[in-house]
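Take a look at the structure set out below.
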Amino acid sequence: MAVLFTVLNVLLFRTDSVPDITEIYAVERPQQANGDSSQFTRQRFEALRSDTNVFTEAYAAVNDIDLRVDGRMMAVNLVSASFFRVVRVNPIMGRALSAADDDRAGGNPVLVLSDKGWQRQFNRDPNVIGRTVLVTGAPYEIVGVMPEGFRGLEVSAPDFWAPLARLGDFVPDVRGSEDKVGIEIIGRLKPGVSMESARAQLAAWDSNQSATTDRTMSIELVPRRGTVPQPLEAHRGLRAAVRRVRIDPVDRLRKRREPVARPRRGASAGNRHSTVDWRIAAPHCPAVADRKRVARVGGRRRRIPRLAPRARGRCLLGDAHHARRSG
């Protein structure tokens, strides 16, 4: 049960170590009837940053890329340099990505390790800053390490973050057409700007971007908390379930392991004595411990006399168990 709670806590309930995380939203388009959704591009992201006024800062990302770095499988999130300004978390060693690192003309081949990547891939080497690793044959310099517990805005932290401008190094198949690759856009709302107001402004901006834009499209703002998105009712139900597991594990064990009354073998329907299988009785009950001791000494199971009519439906071990067992 402890493992179950830990998993649910990480995936559903725990927010990340990002200050004022409730201000952060992903900009998305709703799914179309065929299940597809129109994605944003890097060019559209730059236009959003310059033409709208709802975010203090926003960043673009391509997440969940797995590849070999120096012969080891690693997970990387490619982000624009503004990522670290949006999350407002600083490295514990070195520096974060800079605007020059993410220059669309090429950028710099650098990366910032997560605590997970620092631990798993470099055994927390204190001299890791300045080391070089190979990404599809290209040398990348490690320039920073993020603090323990920081996952960005994902359920699980990547091993490192690298400039989005270097997308072609990490996904060679898109080299030369990086501007057509779909990206995520995440921003931090300005103080005093509500989610509804921001959504309306972004929807108006999006519909005016091109004469060919589908005017039926809209914009959705989806909270980004570093947890698995869940409907509100499911979230409440899971939280209640976990609370029951945490608070009342002994009671659940008692209910699951109550002794079972069984008819004596060979007895007629009108003359049955109830017996109890003490092997599955609740071990924490003193009465059960005594009965088990007698059973061991006697070398056989103990019979329980037939219940009197007034005791029928009561627990064979007494009122404290409140089990609705019939004799």
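Computed from the coordinates by the stated procedures, all read-outs in this text should not be read as laboratory data. From a predicted model like this one, the values you see are computed outputs, not experimental measurements. Please note: Cβ atoms are built from the backbone with ideal geometry, for glycine as well, and neighbour counts cover all protein chains shown.
Some observations on this one:
- Once the Cα gyration tensor of segment 17-225 is diagonalised, semi-axes √(5λ) in Å: 31, 20, 14
- Ranked list, fewest to most other Cβ atoms within 10 Å of each Cβ, for THR22, THR56: THR22, THR56
- Spin-label zone in segment 90-118 - amide nitrogen under 19 Å from a point set 7 Å from the Cα of GLU141 along the C-beta vector: 91-114
- P(r) weight above 19 Å for segment 18-104, C-alpha pairs, percent: 54
- Going by neighbour counts of Cβ atoms within 10 Å, the residues TYR59, TYR140 line up, fewest first, as TYR140, TYR59.
- In plain terms, the residue of GLU28, GLU46 with the fewest other Cβ atoms within 10 Å comes first and the most crowded comes last, giving GLU46, GLU28.
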